[in-house]
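Shown next, in structure tokens, is the structure this report addresses.
Nothing in this text is a laboratory measurement; each read-out follows from the coordinates by a stated rule. Note that this is a predicted model, so its numbers are computed, not measured. Note: ideal-geometry Cβ built from the backbone for every residue, glycine included; neighbour counts use all protein chains shown.
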């Protein structure tokens, strides 16, 4: 990044108080502080989760059991007013258990639609890859079009809909790997990783952890998030930034290890997350660092590596290679 762009950033940030982006920054700070009451040492994962909320993208949290995947999802949901449901992935879970189904009503057995838990503002789908492929596929329409079709009738989901799914690594027993189409519906994948020793002390002493979840109350309402999404959507993206994203997408497609590179949908998600990051910092424009800092989370799960199919870790390695080989735009 050139010196001219740095100077512009400092000047604009210094005068951004009272702007729409500043209101988004205030919203994100409240949510982050609320989640921080429960989750220790997960700042990057929390920021990406809030970025998905503000950009309209869905989030997949992947890691081994016991590192706070579900807790992060539930703390986010508890910090935002509105409806919330949690779904537990199991092999016998049916699509109708998620989307809803037609049920007999009254003495004449008239069939009426009973909405499933997907009809909520925030849905936490725990251990998504333990659900069978048929049930996983039921989420494709919901995550792409914010609607579900049951018995030939398409029904709209709430105007603000966010899916936060968790999954165990694919080598764990009893899991069904998500297909490429399902993975591509998620704006970002985060891996919280193991907590540091200091953070584990916070959990073991009760200052953080699941026992604190009940104390989390909504700090923003749905209207705040809707307004924040509108601000994020209208943020300025310069052509050089867009060309930078296109170059990164192209680099993943031409990488020697890659069987299938990142999709155009991945570029749209990356731009959306970059806009959210800019607004969360109080800026009304996107800079190259917004893109480069989020590329790994937004693109790695969309990259199919020939020698490690289904591995998000291998996808991250490819994206990091591409970030090194593609020059970022300068002022």
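Using a cut-off of under 13 Å, list every residue of the range 271-290 whose amide N is near the label point 7 Å from the Cα of residue 242 along the Cα-to-beta-carbon line.
Only 271-272 fall inside the zone, counting backbone N under 13 Å.
Give the relative contact order (percent, whole number) for the chain; include only Cα pairs under 8 Å separated by 6+ residues.
That works out to 25 percent.
What does the extension gain come out to for residue 214 and residue 144, with contour length at 0.36 nm per residue minus their alpha carbon separation?
22.0 nm
Highest GNM mean-square fluctuation, the chain, Cα pairs closer than 10 Å: which of 152, 66, 81?
With Cα springs under 10 Å in the chain, the top fluctuation among 152, 66, 81 is at 152.
Helix-only mean residue ellipticity at 222 nm, the chain, DSSP H runs n ≥ 4 weighted -39,500 (n - 2.57), per residue, nearest 500. What is it?
Taken over the chain, the calculation gives -14500 deg cm²/dmol.
Antiparallel DSSP bridges in the chain: what percent, to the nearest 5? Intermediate results must be reported in sequence, preceding the final value.
Working: 12 of 31 bridges.
Counting only bridges with both partners in the chain, antiparallel ones make up about 40 percent.
Counting alpha carbon pairs within less than 8 Å and at least 6 residues apart, what relative contact order, in whole percent, applies to the range 214-318?
Reported relative contact order: 27 percent.
Can you give me the distance in nm between label points at residue 101 and residue 134, each placed 7 Å from the Cα along the Cα-to-Cβ direction?
Going from the residue 101 label point to the residue 134 one covers 1.1 nm.
Between the range 78-96 and the range 236-311, what is the separation of their alpha carbon centroids in Å?
29 Å
Would you calculate the separation in nanometres between label points at residue 306 and residue 154, each defined as 7 Å from the Cα along the Cα-to-beta-carbon direction?
In this crude label model, residue 306 to residue 154 measures out at 3.9 nm.
Angle, helix 222-233 long axis vs. longest principal axis of the chain, Cα atoms, 0 to 90°, nearest 10?
Its long axis makes an angle of about 40 degrees.
Report the gain in length on full extension from residue 254 to residue 44: 0.36 nm times residue separation, minus Cα-Cα distance, nm rounded to one decimal.
Full extension of this stretch gives 72.7 nm more.
What do you get for the angle between helix 20-36 and the principal long axis of the chain? Use alpha-carbon atoms, 0 to 90 degrees, nearest ten.
Orientation of helix 20-36: about 60 degrees from the principal axis.
Relative to the present Cα-Cα distance, how much length would full extension add between residue 111 and residue 268 at 0.36 nm per residue of separation?
52.5 nm
Going 7 Å from the Cα of residue 29 in the Cα-to-Cβ direction, what parts of the range 268-288 have a backbone nitrogen less than 19 Å from that spot?
276-285
State the Cα centre-to-centre distance between the range 131-202 and the range 32-65 in whole Å.
If we compute the Cα centre of each part, the gap is 14 Å.
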